[in-house]
Amino acid sequence: MELSLPLKGVCQGFNPDQLPEMTTDYMNNVVPVDTLERRVRLGQRPGLDKVFSQQVGGSATPVVLVGQVTVLE
Amino acid sequence: MSIQQDGYSAGGDTNGAVYGDEWKAQTFIAQHTYEAESIKVYLNAHTGTPTGTVTVSLYATNPANGLPDSVASSGTLAIGSVTESAWNTFTLSSSVMITAETIYAVVVSLSAGNAANCINWFYDQSGEGFPGQTRSESDDGGTSWEAKTGDMLFQVWGSVSYTYEGSPRSKAFAVGNDEFWYESTSGTLTELAAANGNIDTGRPISYAEAFEKIYLANETNLNVVDFGNIKFTTADIAPAGKTAPSRGDVLVGVTSGAEMVVDFISATDGAASVYGKSITDAKFSSGETVKVGDGTTTEFTTNSAESDGPHWYDWKAYGADTTTYGSMPASATLVCRYRGRLVLSGNTRYPHQYWMARVVNPYDWLRAEADDLSPVVGSPSDVGGAGDIIKALIPYGDDYLLFGCANSMHLLSGDPASGGRMDEIDDSVGIFGSKAWCKDAQGNLYFLGTKGLYLMAGGREKPVSLTTAYLPQMMSDWSPDLDDDRVILSYDPDRDGIIISKVNFSSGANSCYWYSLKTKGFYPCSFPNVCGFYSATFYTADAATNRKVLYGSSDGYVRCFVDTAKNDDAGASDTAISSYVGWVEKLGEEDSAGKLTSLDFDLAGGAADGAYSDTDGVSYALYPANNVETAFEDMRDGADAFTSGTVSGVGRKNKILVRAKGGALGVKLYNTTASETWAVNHIYAKTQPAGRLRV
C-alpha cells in the first residue's frame, strides 16, 4: 500500500484516528510544494538568505518597516 | 541581442591594401542610437604572406572634415585567425554608445607587412562616397587622412537599448534603529543621514508611496522621503513686497535658465526650502534670482545650488501655513493612498477618526464646502456615531477603502467628498493589527482576526474563517499580544501562499504558518530568532530575479526565501533547518493487529544528476503502537523509535525490511543536517495481518 503523506498540512481538534485525509497535527518546516522542482510533493521549506549585505541601523535591531518606491531616473 | 545596425555590404570589386602605416577607413552616418559591440569587414584574399595583427577600430570623426579623428574602441585578430575572402568579425574591447545622425569611422590597420605582403579590405569603387559615408586612406599610420571615392565593405553590430530618459525604477527601503535606509544602487542599501534620529522605531510606523515619495506616519513623526524633486534653499522666500510661490508655480532661474514646478515649500516667509520637479536640463545655482513669471509677485534669491533627492523633510501643511491649508493630525500611525488622497489614521486621541488630504495634494488639509476634491475628516460609522477603533487602512486602488477596526470591518466606496458611501461589512470580526493583513493575486483579503485567519473575497464580502475547521485553537495557542508581539501577513506570489507570522518584539522568538493557496492547507514553520519577521513587502524590482517578498528581520537584515538555500542565513553563520512531519497509519482494523514488513521510498530527483534536481537524504523513524493516539504521542514526546534510519540518493530506493507490529504505525520523516533539503514522491509499505491486537 502507498502511505498517505500529509500533503494537506496540519489539522487540530480531531481525534487522531479521525483526522481528515492527508493531514496531521505534527509537522514543522515542511511545505507542500518542494524547492527542487516546485512540484506539489512534501518537502523541506526553502531557507532564508540576506537580500542586502547592509545591516539596517548598523546593529541587531529589528527592521520594523520595508517597502518600495518607484522613481523616474 | 546584437544585430547589424549600420554597414555597406554590396558591390565589392576592388582591393584596398592595408599594411604598416597604410591604413584604410570608411565613415558612416549612424542610422539610430545603439551600443556597438563588434565590427565586421570583408577581407579579400591576401597579397603575399602578411604577418602581424589586424586591428579594426571605431573612430569618432572630425566635425570639420568628416574624417577619422579619435579612436573609441578596437578589436583585433592575429593574421592566422583571419579568413580570406570572407567577412571577419572583430569584437570591440569595450562597447561604444552610438548616437543617431552622428558620423563615425571604421579604421583597419595591420601591424606589419608591406605592399607585397598585405591584407586587402574589399571595397566598391563605384560607391557614391557622399558626405558622412566616405572611403579614406592614411599613409602615416592614421595621423592624417585623405578622402577617396568608393565605399569599403563593413558592418557595425550592436544592441539597441530601450531605456530612455525618465525610466521608472523601483527602489526598496528599510527602517530600523531610528534610521532610514534606501536602495541607492541595485542591491545596495544606503542610510539617509538626514532621517537619523527623526524616526522612532520603537513606536508604530507605516508608509504610503505616492508621487515618487514615501510618506511616513510614525506617531508625531510625520515625514516625507522625496525622491522625485530637486531642492534648493533661500534665506528669504518672500522679501518685502513679494509672496511665496504657490504649489504648481513655475520658478525660473534668471541666470541659469533652470525651471522647476513647485511642489512644496517649508515656510511662506523667511528662510525656506523649496522642492519641485525640474523641467529643464539647466540647474539652479546658489545666489541666483528666481521668480515666477516676471517676478512681480514672487521673486527671491537662492542660497544653495539645487540638489537631487532623496530629501527628508517634515510632512506638514504647504509652507507650514495652517491658516490657508489646514492642520494635519498631530499624530498618526496609519497612512495609505486612496483615490489620489493621502489618508491618515491611528491617532490615539482620536482612534475612531481618519483624515484625508486634498486630492493629489498631500499638503492641503483644510476642508472646503461644495468642493469634491476637498480634504475630509470622518469616522467609519454608518450612523455618525462613536465608531470603532481603526487599526488598519486597506485601500483597493481607487475603488474602495477598507477600515479594519478592533471589532468590525467597514468599507468606504467612492470619494467621501463626492457621493462616497460607508458600509459596515461585519460587526463582530476585527483585525489584530495594522500589518496583520495581505491580499492575494486575485484581490482577496486575508487578515488575522478574532478567531484566526479570515478571508474576505474581493476585499468586500463578509469575512469567512479559514482556521475554524483546521486550526480552531490557533489564537489561543498563539495568544498574540499587541504590546509584546508583531503579527504580519504577507502574500508570496512566487510560491502562491501566505506567511502568517508572530514574533516577540524583544526576543525575536517566532511562530509562523505557511498557508498554501494551492492546497488550502496550513504548514507550521519556525525560523531562528534573528530571522523573525517584523515587516514584509513584495518588491517589484526592475530585475525579474529580484522580484520577491522581502522580510525585515530581528537583527537588522532584510531577507527572502531562496529555493536553493538549504539553511537559514542567521547572520554570522547559517543555521540548519530542522524539518519534520509525522503521521499515523492504521495497521489493523478494530481489534486486529497488523505487521509492517517492508518500506519502499521513492525520493525526488529521478536518476542521480539528471535533468531534475536531486533531493538530499531524509531520515525516518517508526513508532508502532496499539492505537493511533499512542503512536502520535510517542512521536511528539520523542520516545525511542522502534527503528530509524536515513534514506539517501534519489528515485526508488532499496526495500527496507522491518518487522513492526501493532494496531497503528507512526511514521516520521525528518532532517536536521545542515545544508540538506529533501522531498519525497511516495512511500510504499508492505503489511500483513498479525492476529488479534494484544493490549
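The values are calculated or read from the model by the stated rules, or taken from the named source; none is laboratory data. For clarity, every value in this text was computed on a predicted model and none was experimentally measured. For neighbour counting, all protein chains shown are included, and Cβ atoms are generated from backbone atoms with ideal geometry for every residue, glycine included. Accessible surface areas use protein heavy atoms only, side chains included; no ligands, DNA or RNA. Shrake-Rupley method; radii C 1.70, N 1.55, O 1.52, S 1.80 Å.
Looking only at the stretch B:415-448, count every residue that is free of Cβ contacts under 8 Å to residues at least 24 places away in the same chain and either part of a strand (DSSP E or B) or basic (Lys, Arg) (or both) and tell me the total.
3
From the set of residues in the stretch B:677-695 that are within 8 Å of another protein chain (Cβ to nearest Cβ) and open to solvent by less than 50 Å² (accessible area, probe 1.4 Å), which is farthest from B:GLY645 (Cα to Cα)?
Going through the qualifying residues, I end up with B:ASN681.
If you take the residues in the stretch B:301-345 that are of a type outside the set (A, V, I, L, M) and part of a helix (DSSP H, G or I), which one is surrounded by the fewest Cβ atoms within 10 Å (Cβ to Cβ)?
Per the criteria, the residue is B:THR323.
When you scan the stretch B:651-662, do you find a residue that is assigned to a loop (DSSP other than H, G, I, E, B), within 12 Å of chain A (Cβ to nearest Cβ) and open to solvent by 30 Å² or more (accessible area, probe 1.4 Å), even just one?
No; the residues of the stretch B:651-662 include none that is assigned to a loop (DSSP other than H, G, I, E, B), within 12 Å of chain A (Cβ to nearest Cβ) and open to solvent by 30 Å² or more (accessible area, probe 1.4 Å).
What number goes with the only condition from (1) part of a strand (DSSP E or B); (2) more than 8 Å from every other protein chain (Cβ to nearest Cβ); (3) in contact with an Asp or Glu (Cβ under 7 Å, 6 or more places away or on another chain); (4) open to solvent by 20 Å² or more (accessible area, probe 1.4 Å) that B:SER184 does not pass?
The failed condition is (3).
Can we say A:LYS8 is open to solvent by 40 Å² or more (accessible area, probe 1.4 Å), within 7 Å of chain B (Cβ to nearest Cβ) and in contact with an Asp or Glu (Cβ under 7 Å, 6 or more places away or on another chain)?
So A:LYS8 does not fit the description; no.
If you check B:ALA194, B:ALA244, B:ALA208, which single one turns out to be crowded, with 16+ Cβ neighbours inside 10 Å and farther than 25 Å from B:THR348 by Cβ?
One residue alone meets the criteria, B:ALA244.
Among the residues of the stretch B:75-95, are any modelled with pLDDT of 95 or more, open to solvent by less than 20 Å² (accessible area, probe 1.4 Å) and of a type in the set (Phe, Trp, Tyr)?
Checked the stretch B:75-95: at least one residue is modelled with pLDDT of 95 or more, open to solvent by less than 20 Å² (accessible area, probe 1.4 Å) and of a type in the set (Phe, Trp, Tyr).
Applying the selection to the stretch B:541-566, what residues are facing chain A (nearest Cβ under 7 Å) and surrounded by fewer than 19 Cβ atoms within 10 Å (Cβ to Cβ)?
The answer is B:VAL562, B:ASP563.
Please go through the stretch A:27-51 and give me each residue that is surrounded by 19 or more Cβ atoms within 10 Å (Cβ to Cβ) and either of a type in the set (Phe, Trp, Tyr) or in a loop (DSSP other than H, G, I, E, B) (or both), ordered by number.
A:ASN29, A:ASP34, A:THR35, A:LEU36, A:ARG45, A:PRO46, A:VAL51
Of the numbered conditions (1) surrounded by 14 or more Cβ atoms within 10 Å (Cβ to Cβ); (2) out of contact with any strand residue (DSSP E or B) (no Cβ under 8 Å at 6 or more places or on another chain), B:VAL175 fails exactly one; give the number of that condition.
B:VAL175 satisfies all of (1) surrounded by 14 or more Cβ atoms within 10 Å (Cβ to Cβ); (2) out of contact with any strand residue (DSSP E or B) (no Cβ under 8 Å at 6 or more places or on another chain) except (2).
Within the stretch B:639-650, which residues are assigned to a strand (DSSP E or B), under 47 Å from the mean Cα position of the chain (by Cα) and not aliphatic (A, V, I, L, M)?
Listed by number, the residues that qualify are B:SER644, B:GLY645, B:THR646.
Within the stretch B:150-178, can you find the residues that are at pLDDT 90 or above and either among the β-branched types (Val, Ile, Thr) or not in a strand (DSSP E or B) (or both)?
B:GLY150, B:LEU153, B:VAL156, B:VAL175, B:ASN177, B:ASP178 - these are the residues of the stretch B:150-178 that are at pLDDT 90 or above and either among the β-branched types (Val, Ile, Thr) or not in a strand (DSSP E or B) (or both).
Cβ contacts < 7 Å: first residue more than 7 Å from chain B (Cβ to nearest Cβ), restricted to the stretch A:17-37; second residue crowded, with 24+ Cβ neighbours inside 10 Å and part of a strand (DSSP E or B), any location; separation 6+ or different chain. Result?
A:THR23/A:GLY9
Sort out which residues of the stretch B:449-502 are under 24 Å from B:SER413 (Cα atoms) and not in a strand (DSSP E or B), and write them in order of number.
Correct list: B:ALA457, B:GLY458, B:GLY459, B:ARG460, B:GLU461, B:LYS462, B:PRO463.
Looking only at residues that are assigned to a loop (DSSP other than H, G, I, E, B) and either at the interface with chain A (Cβ under 7 Å from one of its Cβ atoms) or among the polar types (S, T, N, Q) (or both) in the stretch B:187-215, which one is nearest to the chain's Cα centre (by Cα)?
B:GLY187
Can you name every residue in the stretch B:346-360 that is open to solvent by less than 20 Å² (accessible area, probe 1.4 Å) and closer than 17 Å to B:ALA210 by Cβ?
Of everything in the stretch B:346-360, those that are open to solvent by less than 20 Å² (accessible area, probe 1.4 Å) and closer than 17 Å to B:ALA210 by Cβ turn out to be B:TYR354, B:MET356, B:ALA357.
With respect to B:TYR515, is the statement that it is facing another protein chain (nearest Cβ under 7 Å), among the hydroxyl-bearing types (Ser, Thr, Tyr) and either touching a residue at least 24 places away in the same chain (Cβ under 8 Å) or surrounded by 19 or more Cβ atoms within 10 Å (Cβ to Cβ) (or both) true?
no
What strands (runs of 3 or more DSSP E) lie completely within the stretch B:1-62 and have 3 or more residues being farther than 15 Å from B:VAL96 by Cα?
Fully inside the stretch B:1-62 and qualifying: B:14-18, B:23-29, B:34-47, B:53-61.
I'd like the full set of residues that are surrounded by 15 or more Cβ atoms within 10 Å (Cβ to Cβ) and either at pLDDT 95 or above or of a type in the set (A, V, I, L, M) (or both), limited to the stretch B:54-70.
B:VAL54, B:THR55, B:VAL56, B:SER57, B:LEU58, B:TYR59, B:ALA60, B:LEU67
State which residue pairs qualify: first residue open to solvent by 30 Å² or more (accessible area, probe 1.4 Å) and inside the stretch B:569-593, second residue part of a strand (DSSP E or B) and among the acidic types (Asp, Glu) in any location, beta carbons under 7 Å apart, and separation of 6 or more residues or different chains.
Pairs that qualify, where the first residue is open to solvent by 30 Å² or more (accessible area, probe 1.4 Å) and the partner is part of a strand (DSSP E or B) and among the acidic types (Asp, Glu), are B:ASP574/B:ASP568; B:THR575/B:ASP568.
From the list B:PHE447, B:PHE432, which residue is buried (at least 23 other Cβ atoms within 10 Å of the Cβ) and either within 19 Å of B:ALA208 (Cβ to Cβ) or aliphatic (A, V, I, L, M) (or both)?
B:PHE447
Regarding the stretch B:272-281, can at least one residue be identified that is modelled with pLDDT under 95, out of contact with any strand residue (DSSP E or B) (no Cβ under 6 Å at 6 or more places or on another chain) and at negative phi?
yes
Hey, could you check the stretch B:497-512 for residues that are hydrophobic (A, V, I, L, M, F, W, C) and more than 11 Å from chain A (Cβ to nearest Cβ) and say which is most open to solvent (accessible area, probe 1.4 Å)?
Out of the qualifying residues, it is B:ALA509.
Hey, among the residues in the stretch B:518-540 that are more than 8 Å from every other protein chain (Cβ to nearest Cβ) and part of a strand (DSSP E or B), which one's least open to solvent (accessible area, probe 1.4 Å)?
B:PHE533
To keep it simple, each residue is scored yes or no on (1) under 43 Å from the mean Cα position of the chain (by Cα); (2) surrounded by 20 or more Cβ atoms within 10 Å (Cβ to Cβ).
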{"site": "B:SER598", "(1), (2)": "no, no"}
{"site": "B:PHE601", "(1), (2)": "yes, yes"}
{"site": "B:GLY610", "(1), (2)": "yes, no"}
{"site": "B:ASP614", "(1), (2)": "yes, no"}
{"site": "B:ASN627", "(1), (2)": "no, no"}
